[in-house]
Amino acid sequence: MDIVLKSGRSSAVVSTIGACVRSLAFGGRETVVDKGCREGGGIDSVLFPIVGRLKDGIYEVGGKTFALPLHGLLKSAEMTVSERAEDSVTLCSLSDADTLSQYPYDFGYTVRYELSDNALRETHTIVNTGKETMYYAFGLHPSFLLDGAKHGKTNTGTDILSFGREISPSLWRLNDAGHFVVGKESFPSLCEIAADKRTVSEYGTLMLADEELGSVKLFARSGRVFAVRTSPSPTVLALWGEPEGEEGYICVEPWWGMPDLVEPIRELKDKTYINALPAGESAVYELTAEEIL
């Protein structure tokens, strides 16, 4: 089911399947479109309890083997609407027999979307409802339309992701297939990077780490400027997309986790950047996507 949110001239469409933001328009101008346009999420997805792919599709908990699809469980989960207003909605999902067969932890997940005239705020809450420490990764996958032709402007120039200051991040590099991590290396200091075909082609997914990356801006060649703010600061900030053409887009993805290594650690609790949540406790992740007017 699709739920339409409205605030002034802005609107959003949120699917109860996967809590996917299928479209977002600020001031009547498209900002985000789920290019997949399918149930279970296309571009916009909630990534839990893994980010990316598992090598061979499997992992272990206490030596027992489990399997999970790309990006995990929530992207295809049918959410329950627990609260609804014209400009907001809260969706929930709980573990069940099916999830436990793939991920052996009891959990609750809630996301609240709040739309204003030029921003969409997301608050994601993960609760460990079990009796032992839960191990997980989490990530988000928002996309932004880039091309100026849709807004009466010439499709020229370059889209820029700006960090607002000089940073000296590390780079996690993927293998040639773009699926698994081969290792970490240093990356030149920078204040910004082109969010274009060349960057996407060179890195597959640009995965930056070891810096404060909770506030960035995307300067689109259409002349629009988007701010992406996350709390807490993501462990990895990933840049990916298909930036060329009239419907070009870039995904600016905050991750608290990352895909498997080419030579993976199978045990979930020992994976790189894995998160530990004690029994009965919760973790909250916030993202605000705003158009700077």
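Each reported figure results from applying straightforward, stated rules to the coordinates on display, with no laboratory input. Small disclaimer: the values here were computed from a predicted structure and weren't measured. For neighbour counting, all protein chains shown are included, and Cβ atoms are generated from backbone atoms with ideal geometry for every residue, glycine included.
Annotations for the structure displayed:
- Placed amide H near residue 52: partners under 5 Å, 5+ positions off or other chain: 71
- q = 0.23 Å⁻¹: log10 I(q)/I(0) that the Debye formula gives for the stretch 244-287, counting C-alpha atoms only: -0.94
- The ranking of 191, 251 by Cβ neighbour count inside 10 Å, starting from the fewest, reads 191, 251.
- Using the Cβ of residue 205 as centre and a radius below 13 Å, the other residues enclosed give a net charge of -2, where K and R count +1 and D and E count -1.
- Basic side chains Lys and Arg get +1 at the Cβ, acidic Asp and Glu get -1 at the Cβ, and with that the dipole of the stretch 206-264 about its Cα centre reaches some 420 debye.
- Cα principal axis extents for the stretch 70-222, largest first, Å: 50, 43, 28
- Average projected area [Cα convex hull, the stretch 161-200], square nanometres: 3.2
- Our estimate of slack between residue 225 and residue 212, defined as 0.36 nm per intervening residue step minus the Cα-Cα distance, is 2.6 nm.
- Gaussian network model of the chain, Cα within-10 Å springs - most flexible of 131, 197, 75: 131
- Computed over the chain, relative contact order equals 20 percent, with contacts defined as Cα pairs under 8 Å that lie 6+ residues apart.
- For the chain, a crude dipole built from +1 on the beta carbon of Lys and Arg and -1 on the beta carbon of Asp and Glu, taken about the Cα centre, is about 260 debye to the nearest 20.
- Antiparallel bridges, percent of DSSP beta bridges restricted to the stretch 2-291 (to nearest 5): 95
- Prolate/oblate/rounded call for the stretch 192-293, Cα gyration tensor, a/c under 1.5 rounded: oblate
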